[in-house]
Amino acid sequence: MGQTTRGIVILGSTGSIGTSVLDVVDRTDGRFRVVALAAGSNTRLLAAQVRKYRPALVSVAHARDAGAIRGLAKGWRMKVVHGPEGAAEAARAEGADIVVSAITGMSGFGPTLEAVKAGRRVALANKESMVVGGAVLKTEAARSGAVIVPVDSEHSGVFQCLGGEKRGHVRKVILTASGGPFLKTPLRELARKTLEEALRHPRWVMGRKVTVDSATMMNKGLELIEARWLFDLQASELDVLIHPQSAVHALVEMKDGSVLAQLSATDMRLPIQYALTWPERLDSGLPALDLAAIGRLEFRRVDERRFPLFGLARRALEAGASLPVALNAANEAAVAAFLAKRIVFGGIARVVGEVMDGHRARPADSVEAIIDIDTEARREARRHIPQRSK
């Protein structure tokens, strides 16, 4: 029998994850057919993707770009939509077996939820969806039969380690972190680190927002909250170790004292391919991990004086309810201000801490509640952000 071609939707097709997904599609020799693409403002790259993959549906961020993209379709039928509603339509596109959720930030939650409701396999790269709406997504997945497979290298590592293991045998799940660009920076110098310095990640090439989150280690805090929902864990069963070599992506400590680990080269195409082909494993054509060349593997605990945002995320994980939603909203607002050079690096933690300290905790068990909490936290964050450049 010949191989089955599976329909794939990529939400965030022009970002670093989206372009890596398309590279995997090219490498897997006809196993996947691009059904729909959703992108933001990088219409030049999106246009090239549309010409090459000829999707039936394309979503753009703004109505003004829809006409230009629509004009590219010659010889095939293509529908072009826009805005949040367009991304949601792409997420439930007809003919899709797999939806890759790679839109950055809270804006990825709605389309991810639509994909889950449609019963698709969701290859999840948008950690914020699980952070703000883990309970809602899990409930809808149970109802629709959707399967959520993680794309982040750390969660993919956990997913692989847990394959075939009984949940009751697991004592602790440990994610690893590179430590970002400021792992060895003197503490007294951290608060005024520049945007350009924060964007120089030593290991990964990512979008600007995610790269800043790596510099503050908020990304790892968000990943802890995501792991709580992905793997049905409690805060006490989750931990992070800094591992500068980025060869070990996750460890799972079992009740008998054994520790399982997942290692691979630092290339996002590996966990992406696994999320698309699971439970199969295909030759990726990528270089294997060379442990002899690495020489040694180092691990250390997270210093919350250096990474106060990680401590705030841990606090949100332990409190639950609406606090993770407020944490994420405040962080998105603060990082946007840092990217616009309206606050200094140390101001990100200050803004997030102020919002969390003033937050009124309540359930976040519906889409409406999540949106209300998110809106309130962003409004509060703006109160602590100067309106003009520093």
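In table form, for the structure just shown:
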{"read-out": "Filter result (within 23 Å of the chain's Cα centre (by Cα), surrounded by fewer than 16 Cβ atoms within 10 Å (Cβ to Cβ) and among the small types (G, A, S)) within region 15-64", "value": "S41"}
{"read-out": "Qualifying helices (runs of 4 or more DSSP H) (wholly inside region 103-189; at least 1 residues being farther than 25 Å from Q262 by Cα and either touching a residue at least 40 places away in the same chain (Cβ under 8 Å) or of a type in the set (G, A, S) (or both))", "value": "109-117, 127-144"}
{"read-out": "Candidate set: region 188-214, residues that are under 17 Å from G353 (Cβ atoms) and among the hydrophobic types (A, V, I, L, M, F, W, C); chosen: the one nearest to the chain's Cα centre (by Cα)", "value": "V212"}
{"read-out": "Residue selected from region 93-152 under the condition of a type in the set (S, T, N, Q) and in contact with a Lys or Arg (Cβ under 7 Å, 6 or more places away or on another chain), by the criterion surrounded by the fewest Cβ atoms within 10 Å (Cβ to Cβ)", "value": "S144"}
{"read-out": "Residue within region 177-189 that is of a type outside the set (D, E) and touching a strand residue (DSSP E or B) at 6+ places or on another chain (Cβ under 6 Å) present", "value": "yes"}
{"read-out": "All positions within region 285-296 that are under 15 Å from L263 (Cα atoms) and part of a loop (DSSP other than H, G, I, E, B)", "value": "L286, P287, A288, L289, D290, G295, R296"}
{"read-out": "R167 farther than 23 Å from R300 by Cα, at pLDDT below 95 and in contact with a helix residue (DSSP H, G or I) (Cβ under 7 Å, 6 or more places away or on another chain)", "value": "no"}
{"read-out": "Qualifying residue in region 305-322 (condition: farther than 24 Å from G207 by Cα, within 20 Å of the chain's Cα centre (by Cα) and hydroxyl-bearing (S, T, Y))", "value": "yes"}
{"read-out": "Conditions (1) closer than 30 Å to R203 by Cα; (2) of a type in the set (D, E, K, R); (3) modelled with pLDDT under 95: number failed by D26", "value": "(3)"}
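The values are calculated or read from the model by the stated rules, or taken from the named source; none is laboratory data. Predicted model, so just to flag it, every value in this text is computed and none were measured. Neighbour counts are summed over all protein chains in view; Cβ atoms, including those assigned to glycine, are modelled from backbone coordinates with ideal geometry.
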